[in-house]
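Reviewing the structure listed below.
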Amino acid sequence: MSVAKYISWFRDIGLDDRPKVGGKGGSLGELQRAGIPVPPGFVVRTEAFEALIDALERQSSLRARVEELAADDLEGMRSVSHELRARVEEAPLPADLQQEIRDAYERLGESGPPPSVAVRSSATTEDGSDASFAGLQDTYLWVTQADLVLRQIRSCWASLYSLESLSYRRRQGTAESAVAMAVVVQIMVDARTAGVMFTRSPISGDRSVICIEGAWGLGSALVSGEVTPDRWVVAKITGEISVRDVSDKAIRHAQSPAGGVEELAVEDALRRESCLSDEEVQSLRTIGRQVERHYGRPQDIEWAIDRHTQQILLLQSRPETVWSNKDQQAAATRISDPLQHVMKVFGGRR
């Protein structure tokens with residue numbers, strides 16, 4: 001089998017490969033290497049993005065247009081964003097790149113029907129320990145055809161030039177030559193329940209607890225703020241559950257028959273039912289501790305429970321940055337009231 005020019009499988013990559021596979025891709029490969037279950041997938045490496053951008057640069061300036069923008073020039077950014085996104089989305093893909101992506105997508109289906117995949121941006125600047133670009137680039141769920149995968153990969157690249165992303169980079173003074181985009185393509189989890197987990201309190205910084213949020217269906221409902229999740233605070237060592245806050249979860253996100261995601265009403269009998277059993281909470285605690293030990297620092301983790309197998313799968317793990325940055329100034333202390341760990345809704349991600 002010939003060596004792929006643009007594609008890497010999760011099993012072959014780790015965090016050291018972030019310059020080529022981005023933060024999300026490197027994390028997923030690292031998790032798989034550590035023996036932690038993640039949905040199968042591959043990464044379209046930054047070489048593919050660079051090839052496309054170089055071709056566009058030969059036609060007319062792209063990166064220089066961004067670097068000419070002042071950090072407070074919102075109207076200029078909006079105009080440049082519109083232009084550059086259109087250029088990237090409309091640019092033709094090299095034939096060899098198209099074939100590699102089609103072949104990898106077919107392998108994910110294991111000779112069965114076309115698989116449903118998530119197409120997720122993986123910028124080289126995101127999910128690091130010093131800054132978080134989470135949520136600034138696009139993700140597409142339940143993509144079910146090779147042609148759509150190709151289209152959404154290009155849309156992920158184009159989202160690097162969204163108004164929000166441009167504005168963030170100009171405020172940070174990031175050099176455009178340091179910015180590149182890989183794209184993760186991985187099997188979708190038909191989630192019964194999904195959510196996030198912090199291996200330290202996101203509110204107080206307390207490292208003795210793990211904080212978990214979850215809701216029925218796909219995690220996109222939680223991330224978008226359309227549903228108030230159930231919440232738990234669990235002692236990291238003993239497993240004691242000090243907070244169990246079950247909400248009224250009126251809606252859930254699920255696969256649309258036409259592709260993509262649709263919003264559905266949660267059955268009345270489940271709206272006020274806990275979306276996790278105590279055993280699942282403890283399993284998440286165990287996984288959270290394992291991931292934190294592997295990385296050597298607190299983590300912000302996305303997880304899902306497969307509706308059919310009931311297996312817990314991790315979709316992403318990134319360094320916790322807010323309190324880790326504060327730790328350089330002053331140590332976080334334990335707090336006596338565990339409810340203080342969950343008084344705010346945890347932040348969005350993609």
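Quick note: the coordinates plus some simple rules give every number you see, no bench work behind them. Given the structure is predicted, the values throughout are model-derived calculations rather than measurements. Glycine gets a Cβ as well: all are built from the backbone with ideal geometry, and neighbour counts include every protein chain shown.
At a glance:
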| item | result |
| --- | --- |
| Sum of -39500 (n - 2.57) over DSSP H runs of 4+, divided by residues of the chain (222 nm, nearest 500) | -10500 deg cm²/dmol |
| Sorted peptide list for 300-311, 58-69, criterion being average Cβ within 10 angstrom, highest first | 300-311, 58-69 |
| Proxy reagent accessibility, fewest Cβ within 10 Å first, across 87, 11, 170, 102 | 11, 102, 87, 170 |
| Helix 146-158 axis, angle to the chain major axis (alpha carbon atoms, nearest 10°) | 90 |
| Net charge dipole size for the chain [Lys, Arg +1 and Asp, Glu -1 on Cβ; Debye, nearest 20] | 580 |
| Pair residue 277, residue 163: separation of 7 Å Cα→Cβ label points (nm) | 4.8 |
| Most mobile listed residue (173, 217, 195) in the chain, GNM with C-alpha springs under 10 Å | 173 |
| Part-to-part distance (alpha-carbon centres) for the range 187-228 and the range 24-47, which is given in Å | 20 |
| Placed amide H near residue 251: partners under 5 Å, 5+ positions off or other chain | 266 |
| The range 191-342 - convex hull of alpha carbons, volume per residue in Å³ | 115 |
| Whole-percent pair-distance distribution, where bins are 5 Å wide, for the alpha carbons of the range 7-187 | 1, 9, 18, 21, 20, 14, 9, 5, 2, 0, 0 |
| Rounded to 10°, Cα long-axis angle of helix 95-108 versus longest principal axis of the chain | 30 |
| Computed label-point distance, nm, for sites residue 190 and residue 64 using a 7 Å Cα→Cβ extension | 5.3 |
| Helix axis angle, 278-295 relative to the chain longest principal axis, alpha carbon, degrees | 50 |
| Among 313, 15, 74: highest mean-square fluctuation, GNM of the chain, C-alpha pairs under 10 Å | 74 |
